[in-house]
Amino acid sequence: MSEKNVATAVAYYQAMGSQDLTTMEKCLHPEVQFIGPMAEMKGKEAVLEAAKRFCSMITKVTIRAQFGSNDQAMLAYDMDCPAPIGIFRAATLMTFKDSLIVRLELFYDARPFEKKKEEIFSTS
């Protein structure tokens, strides 16, 4: 099971790097919960909308490490963004239910994104 979860996690972030929202949506559980340094949200629609806005700010995702155990997968990755952000390093702990991502917990330094917070995570 953990190998399949890792493959889904990798597919989700590769889709993010290529701005493929259709594939991202297929990886998410309807009740997905997102927890990050700048926001928390629940539900597939809310998470996808924030991901859509975020994807427009990245040009590439490079996965540096991946592993899984039971119903969880963890990725460490680099994301390339236009200046002034540049490359930033992050990690995500994902929990799976019914082979879909039901929880995304992100770990990264949010300071470069403070000016974009409302643009990414706005609910209106």
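Can you tell me which residue in region 41-60 is surrounded by the fewest Cβ atoms within 10 Å (Cβ to Cβ), limited to those that are part of a strand (DSSP E or B) and at pLDDT 95 or above?
Checked region 41-60; the qualifying residue surrounded by the fewest Cβ atoms within 10 Å (Cβ to Cβ) is K42.
A single entry from V10, V6 fulfils the requirement of being crowded, with 16+ Cβ neighbours inside 10 Å, more than 13 Å from the chain's Cα centre (by Cα) and in a helix (DSSP H, G or I): V6.
In this structure, does M38 turn out to be more than 18 Å from V10 (Cβ to Cβ), modelled with pLDDT under 95 and surrounded by 15 or more Cβ atoms within 10 Å (Cβ to Cβ)?
In short, yes.
Consider region 18-32 and keep the residues that are over 13 Å from the mean Cα position of the chain (by Cα) and in a helix (DSSP H, G or I). The one that is nearest to L100 (Cα to Cα) is K26. Pairs meeting the criteria (first residue in region 1-12 and at pLDDT below 95, second residue surrounded by 15 or more Cβ atoms within 10 Å (Cβ to Cβ) and not in a helix (DSSP H, G or I), beta carbons under 6 Å, at least 6 apart or on different chains) are S2/G68.
Number of residues in region 24-53 that are touching a residue at least 12 places away in the same chain (Cβ under 8 Å), more than 18 Å from A73 (Cα to Cα) and of a type outside the set (G, A, S): the value is 9.
Considering only residues that are in contact with a strand residue (DSSP E or B) (Cβ under 8 Å, 6 or more places away or on another chain), of a type in the set (G, A, S) and either surrounded by 15 or more Cβ atoms within 10 Å (Cβ to Cβ) or within 18 Å of A15 (Cα to Cα) (or both), which ones fall in region 68-104? Hits for region 68-104 are G68, A73, A76, A90, A91.
The values are calculated or read from the model by the stated rules, or taken from the named source; none is laboratory data. Please read all numbers here as calculations on a predicted model, not as lab measurements. All Cβ positions, glycine included, derive from the backbone under ideal geometry; neighbour counts span all protein chains shown.
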